[in-house]
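Trainee: My questions will all concern the structure given below.
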Amino acid sequence: MRIQSGPLELAEVVAAVAHPSAGGVVTFSGVVRDHHEGKQVVGIRYEADDAMAEATMRRIAGEVGARWPEARIALLHRTGKLEIGEASVVIAVSCPHRAQAFDACEYAIDTLKQLVPIWKKEAYDTGEVWLDGEHRLAQQRAVDPARQGNGPSDALNS
Amino acid sequence: MRIQSGPLELAEVVAAVAHPSAGGVVTFSGVVRDHHEGKQVVGIRYEADDAMAEATMRRIAGEVGARWPEARIALLHRTGKLEIGEASVVIAVSCPHRAQAFDACEYAIDTLKQLVPIWKKEAYDTGEVWLDGEHRLAQQRAVDPARQGNGPSDALNS
Amino acid sequence: MDIQIRLFARYRELVGHDTLTVSLPEGSTAGDAFSKVTALHPELAPLQASTLLAIDSDFVKPLAILHDGDELKLMPPVSGGA
Amino acid sequence: MDIQIRLFARYRELVGHDTLTVSLPEGSTAGDAFSKVTALHPELAPLQASTLLAIDSDFVKPLAILHDGDELKLMPPVSGGA
C-alpha cells in the first residue's frame with residue numbers, strides 16, 4: 001500500500017501477493033487514456049494527501065481481508081505527471097479460488113476511487129481541468145461529531 | 001492466443017492489450033497451488049491438443065469481442081511440467097471502462113476452463129493423478145450430426 | 001472406411017498409445033467409433049458419459065457422421081486454466 | 001482556538017495557497033471552520049455540498065467537534081484510481 005511518484009510495476013504487486021496456496025491472481029491497472037468526454041487528453045497529473053491516502057489504502061486492504069479472509073492484496077498509486085498509457089494505479093489480489101479474487105480486486109478499485117484522497121488534473125490542448133470526483137461514500141463514512149468510539153476501521157466498516 | 005511450453009510472462013499479455021483508449025486492464029493468472037483436496041502437490045504437468053486449444057482460445061477471444069466490443073484480450077496457456085507458484089495461464093483484458101474488463105476477463109477464464117482441450121496431471125508423494133475436469137459445456141456446444149451449417153463460431157455462440 | 005482415433009491424457013495412458021485405427025461402415029457416427037474403441041479397450045467404456053469427441057478443432061456430438069479420412073479425437077473432460 | 005486549515009487540489013488553487021489559520025471559539029465544529037474559510041474565500045462556498053472534511057487520516061462529518069491544534073483538511077471529491 002504505497003503512494004509513489006515513479007512508474008508503477010505490475011510485477012511488484014503480483015510478487016507481493018504470491019503464496020503457495022494462491023490458485024489465482026487478479027490484477028487491475030488503471031491506465032491514462034487519450035480522451036475524456038470527447039476531449040483529447042495530452043497529459044495528466046495526480047496529487048494526493050500521501051499519508052492519508054496510504055492509510056486509506058491500508059484500510060481498504062483490511063476490509064478486503066475481512067470480507068475475503070483468504071485474499072492477499074497489494075495496492076500502489078502514482079502521483080505527479082503521467083503520460084498516456086502509463087498506469088496510475090495497480091492492484092493485485094490472490095486467492096485460493098478465482099471468483100473471490102475477481103470480486104475482491106473489483107471491490108478494492110471501486111472503493112479506492114471513492115475514498116482515497118487523490119485528485120486528477122487532465123491537460124487538454126485548451127488548458128488544464130481538475131476532474132469531478134466522488135464524495136458520497138467518503139461523506140457517509142465520515143466519523144461522527146464527538147470523534148469518540150469511532151476508530152478508523154469502525155468508520156470504514158459501517 | 002498461444003500454447004507454449006516455457007514460462008508465461010504477465011507483461012506480454014498486458015502489452016498485447018495496451019491501447020490509447022484503454023482505461024483499465026484486468027489480468028488473471030492461474031497459479032499452481034501446493035495442495036488439492038487436502039493432498040500435498042509436489043508438481044504438475046499440463047498436456048494440450050495445441051492446435052485445437054489455440055483455435056478454441058481464439059474463439060473465446062471472438063466471443064469476448066462480440067459481448068464487449070471495446071475489449072481487447074490476450075490469452076496464453078502453458079504445457080509441460082510446472083513448479084508450485086508458476087503460472088499455467090495468463091489472460092489480460094483492456095477496456096475503456098473497468099467493470100467491463102473485470103467481466104470479460106472472468107468470462108474468458110471461466111470459458112477456457114470448460115472448453116479448451118488441456119489436461120492437468122498432479123503429482124503427489126503417493127503418485128500422479130489426472131484431474132477431473134469439465135465436459136458439460138463442451139458437449140452442449142458440440143456441433144450436430146450432419147456437421148453442416150454449423151461453423152465453429154455458430155457452435156460456440158449457441 | 002478407416003477412421004483414425006487420437007487419444008489424449010488419461011485415455012492415452014489407459015489405452016497405452018495415442019493413435020489407433022478402426023474400420024467402420026460408411027455413414028457411421030462418432031458414437032459408433034467410440035463403441036468400436038471400447039470394444040477393443042473396455043477400460044474406456046465407463047468414461048463414455050463424460051467423454052469429449054472432436055474433429056479438427058470442433059467438439060462434435062455422438063451422432064456426428066464421420067467421413068473417410070476423419071481423425072476422431074477422444075478426450076477426457078478438460079482441466080486446464082488453473 | 002486556532003485551527004490550521006489545509007487545502008488540496010482545486011481548493012488550493014482557488015484559494016492560492018495550501019494552508020491558512022482560522023480562529024474559532026472552543027467547541028466549534030468542522031462545519032464552522034469551513035464557514036469561516038468561505039467567509040474569507042467565497043469562491044469555495046458553492047462547493048460545500050461535495051466537500052470532504054478530514055482530520056489526520058479520517059474523513060469527519062461537519063458536526064465533528066474540533067480541538068485546539070487540529071489540522072482540518074478541506075478536500076474536493078476524490079478522483080484517483082484511473
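The values are calculated or read from the model by the stated rules, or taken from the named source; none is laboratory data. Fair warning: this is a prediction, and the values are worked out from it, not measured in the lab. Cβ placement follows ideal geometry from the backbone for every residue including glycine, while neighbour counts extend to all protein chains displayed.
Trainee: Please state which of the following conditions C:Met75 fails to meet, knowing it meets all the rest: (1) surrounded by fewer than 17 Cβ atoms within 10 Å (Cβ to Cβ); (2) facing another protein chain (nearest Cβ under 7 Å); (3) closer than 12 Å to C:Ile5 by Cβ.
Mentor: (1)
Trainee: Select from the range A:1-46 the residues that are of a type in the set (Lys, Arg) and closer than 24 Å to A:Glu70 by Cα and list them in ascending order.
Mentor: Hit for the range A:1-46 is A:Arg2, nothing else.
Trainee: Now for a separate question. If I ask for residues that are touching a residue at least 60 places away in the same chain (Cβ under 8 Å) and either touching a strand residue (DSSP E or B) at 6+ places or on another chain (Cβ under 6 Å) or among the polar types (S, T, N, Q) (or both), which ones from the range B:78-87 would you list?
Mentor: The answer is B:Arg78, B:Thr79, B:Ala87.
Trainee: Scan the range A:20-40 and give yes if some residue there is under 28 Å from B:Gly43 (Cβ atoms), of a type outside the set (Lys, Arg) and surrounded by fewer than 20 Cβ atoms within 10 Å (Cβ to Cβ), otherwise no.
Mentor: The answer is yes; a qualifying residue exists.
Trainee: Which one is farthest from A:Gly23 (Cα to Cα) among residues in the range A:116-130 that are facing another protein chain (nearest Cβ under 7 Å) and out of contact with any His (no Cβ under 8 Å at 6 or more places or on another chain)?
Mentor: Checking each candidate, the answer is A:Trp130.
Trainee: Pick out, from the range A:1-106, the strands (runs of 3 or more DSSP E) lying fully within it that include 3 or more residues that are among the aliphatic types (A, V, I, L, M) and within 11 Å of chain D (Cβ to nearest Cβ).
Mentor: A:87-95
Trainee: State all residues of the range B:104-132 that are under 22 Å from B:Arg58 (Cβ atoms) and either among the acidic types (Asp, Glu) or at pLDDT below 90 (or both); if no residue qualifies, say none.
Mentor: Scanning the range B:104-132 gives B:Glu106, B:Asp110.
Trainee: If you don't mind, there's one more thing I want to ask. Go through D:Glu43, D:Glu26 for me and flag whichever is farther than 29 Å from A:Glu128 by Cβ, without any contact (Cβ under 8 Å) to a residue 60 or more places away in the chain and surrounded by fewer than 13 Cβ atoms within 10 Å (Cβ to Cβ).
Mentor: Unique residue meeting the criteria: D:Glu26.
Trainee: Still on this model: Just to be sure, is A:Val64 β-branched (Val, Ile, Thr) and under 30 Å from C:Ala82 (Cβ atoms)?
Mentor: So A:Val64 fits the description; yes.
Trainee: Would you pick out the residues in the range A:15-30 that are more than 15 Å from the chain's Cα centre (by Cα) and either under 12 Å from B:Val32 (Cβ atoms) or touching a residue at least 60 places away in the same chain (Cβ under 8 Å) (or both)?
Mentor: A:Ala16, A:Val17, A:Ala18, A:His19, A:Pro20, A:Ser21, A:Ala22, A:Gly23, A:Gly24, A:Val25
Trainee: When the residues of the range C:1-55 are narrowed to those that are of a type in the set (D, E, K, R) and over 12 Å from the mean Cα position of the chain (by Cα), which ends up nearest to B:Asp50 (Cα to Cα)?
Mentor: C:Arg10
Trainee: I've got another one for you. Condition (residue is surrounded by fewer than 17 Cβ atoms within 10 Å (Cβ to Cβ), more than 10 Å from chain A (Cβ to nearest Cβ) and not polar (S, T, N, Q)) applied to the range D:48-62: is it met by at least one residue?
Mentor: no
Trainee: So, in the range D:29-40, how many residues would count as being in contact with a helix residue (DSSP H, G or I) (Cβ under 8 Å, 6 or more places away or on another chain) and either more than 20 Å from D:Ile65 (Cβ to Cβ) or crowded, with 18+ Cβ neighbours inside 10 Å (or both)?
Mentor: 2
Trainee: Related question: Restricting to the range B:107-144, what's the tally of residues that are under 16 Å from C:Ala82 (Cβ atoms) and part of a loop (DSSP other than H, G, I, E, B)?
Mentor: Qualifying residue count, the range B:107-144: 5.
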